[in-house]
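Peer 1: This is the structure I have questions about; it appears just below.
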Amino acid sequence: MIEANPRASRTTPFIAKAYGKPYLNYATKVMMGEMKVADIPEEKHLDGFAIKEPVFSFNKFPGVNKELGPEMKSTGEAIRFIKNLRDPYFRQLYKDRSMYLSK
């Protein structure tokens, strides 16, 4: 239900928004004994894809090294829903994915 890592605070809300379900509320109710995991409505698939895209604010921080490594440099994330992987926005995002990546 909830990831066992520090990034759960960002991933779990993304999944909830993608599926349109209050998973954090469900998890809280399960932990408090008000609900059982079996009572959580299942959503097996999305109609398309939900893309989590990092938001980099390098223009707000001049002089910052734009080369990406293991440390987190994004200042947020955006969600975009697409019908298929031929979506022009996704194709451009995929093409540009190596922008600023370190070797």
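Peer 1: Quick check on the stretch 57-66. Is at least one of its residues closer than 18 Å to ALA16 by Cα, at pLDDT below 75, out of contact with any strand residue (DSSP E or B) (no Cβ under 8 Å at 6 or more places or on another chain) and not hydroxyl-bearing (Ser, Thr, Tyr)?
Peer 2: Checked the stretch 57-66: no residue is closer than 18 Å to ALA16 by Cα, at pLDDT below 75, out of contact with any strand residue (DSSP E or B) (no Cβ under 8 Å at 6 or more places or on another chain) and not hydroxyl-bearing (Ser, Thr, Tyr).
Peer 1: Further question on the same structure: Suppose the filter is of a type outside the set (D, E, K, R) and in the same structural domain as ILE79 (by TED's automatic domain parsing); does ASN59 pass it?
Peer 2: Yes; evaluated as a whole, the condition is true for this residue.
Peer 1: Give MET35, MET31 a once-over and let me know the one that is farther than 28 Å from PHE90 by Cα, in contact with a Lys or Arg (Cβ under 7 Å, 6 or more places away or on another chain) and modelled with pLDDT of 85 or more.
Peer 2: Working: MET31 fails: in contact with a Lys or Arg (Cβ under 7 Å, 6 or more places away or on another chain).
After applying the criteria, what remains is MET35.
The values are calculated or read from the model by the stated rules, or taken from the named source; none is laboratory data. Quantities reported herein were computed from a predicted structural model and do not represent experimental measurements. Every residue, glycine as well, gets a Cβ built from its backbone with ideal geometry; the counts of neighbours run over all protein chains shown.
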